[in-house]
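The values are calculated or read from the model by the stated rules, or taken from the named source; none is laboratory data. Quantities reported herein were computed from a predicted structural model and do not represent experimental measurements. Cβ sites come from the backbone with ideal geometry, for glycine too, and all protein chains shown count toward neighbours.
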Amino acid sequence: NFNVMIIIAHRGNLKGPDPINENKPEYLEFAIEKGFEIEVDVWVQSEKIFLGHNNPAFEININFLNKFKSKSWFHAKNIEALEFFTKYSLDQNDLNYFWHENDDFTLTSQGWIWAYPDKYSNFKSIAVLPEINKTKIQNFSGICTDYVFRYNLND
């Protein structure tokens, strides 16, 4: 048993990986409508904003980011996206974004520890994809998972 924790739908996934729909704006919106936060992959190229995991697949505008910023964890996928978030956040300071690849831990712009699968932390931290290595989630503040319904929001 653990306190109510933050449950983040990895790329908008609710019931497992779905490479065709991951990061699609309507897919992400659906996860938010179901009551979850989202981790979303963001690219910036030629001053345009895109969503997508392996490449910039779905063009969006700043309004999309603003509409869902309180429920979103933005993963900058290229240096241009990280620079964009950094510049944009100087005035706003309300976007939660980060950059990481295979680091054990990274720190988000709002001071959260984003922990790679099976890395332990216990303070203001998110366990990423705990299902991969059966990470014990009791000491984390939240999880980012492809299987949100495995975790009872009311435990």
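Conditions tested, residue by residue: (1) in contact (Cβ under 8 Å) with a residue 12 or more places away in the chain; (2) buried (at least 19 other Cβ atoms within 10 Å of the Cβ); (3) not polar (S, T, N, Q).
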residue: 6; (1), (2), (3): yes, no, yes
residue: 12; (1), (2), (3): yes, yes, yes
residue: 26; (1), (2), (3): no, no, yes
residue: 31; (1), (2), (3): yes, yes, yes
residue: 39; (1), (2), (3): yes, yes, yes
residue: 54; (1), (2), (3): no, no, no
residue: 57; (1), (2), (3): yes, no, yes
residue: 72; (1), (2), (3): yes, yes, no
residue: 80; (1), (2), (3): yes, no, yes
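What's the total number of residues in region 86-129 that are in contact with a helix residue (DSSP H, G or I) (Cβ under 6 Å, 6 or more places away or on another chain) and at positive phi?
1
With (1) touching a strand residue (DSSP E or B) at 6+ places or on another chain (Cβ under 6 Å); (2) over 20 Å from residue 9 (Cβ atoms); (3) of a type outside the set (Asp, Glu) as the list, and residue 136 as the residue in question, which single condition is left unmet?
Failing condition for residue 136: (1).
Within the bounds of region 90-97, is there any residue that is closer than 21 Å to residue 20 by Cα, assigned to a loop (DSSP other than H, G, I, E, B) and either touching a residue at least 24 places away in the same chain (Cβ under 8 Å) or not acidic (Asp, Glu) (or both)?
no
For residue 59, are the conditions met, namely being in contact with a Phe, Trp or Tyr (Cβ under 8 Å, 6 or more places away or on another chain), at pLDDT 90 or above, assigned to a strand (DSSP E or B) and over 25 Å from residue 16 (Cβ atoms)?
Considered against the rule, which asks whether it is in contact with a Phe, Trp or Tyr (Cβ under 8 Å, 6 or more places away or on another chain), at pLDDT 90 or above, assigned to a strand (DSSP E or B) and over 25 Å from residue 16 (Cβ atoms), residue 59 comes out as yes.
Would you mind finding the one in 138, 45 that is surrounded by fewer than 16 Cβ atoms within 10 Å (Cβ to Cβ) and either modelled with pLDDT of 90 or more or aliphatic (A, V, I, L, M) (or both)?
The unique qualifying residue is 45.
Filter region 52-85 down to the residues that are in contact with a helix residue (DSSP H, G or I) (Cβ under 7 Å, 6 or more places away or on another chain) and either among the acidic types (Asp, Glu) or farther than 20 Å from residue 114 by Cα (or both) and list them by number.
Residues satisfying the conditions are 58, 60, 64.
Quick one: in region 98-113, of everything that is in contact with a Leu (Cβ under 9 Å, 6 or more places away or on another chain) and closer than 21 Å to residue 88 by Cα, which residue is surrounded by the fewest Cβ atoms within 10 Å (Cβ to Cβ)?
For region 98-113, the residue satisfying everything is 110.
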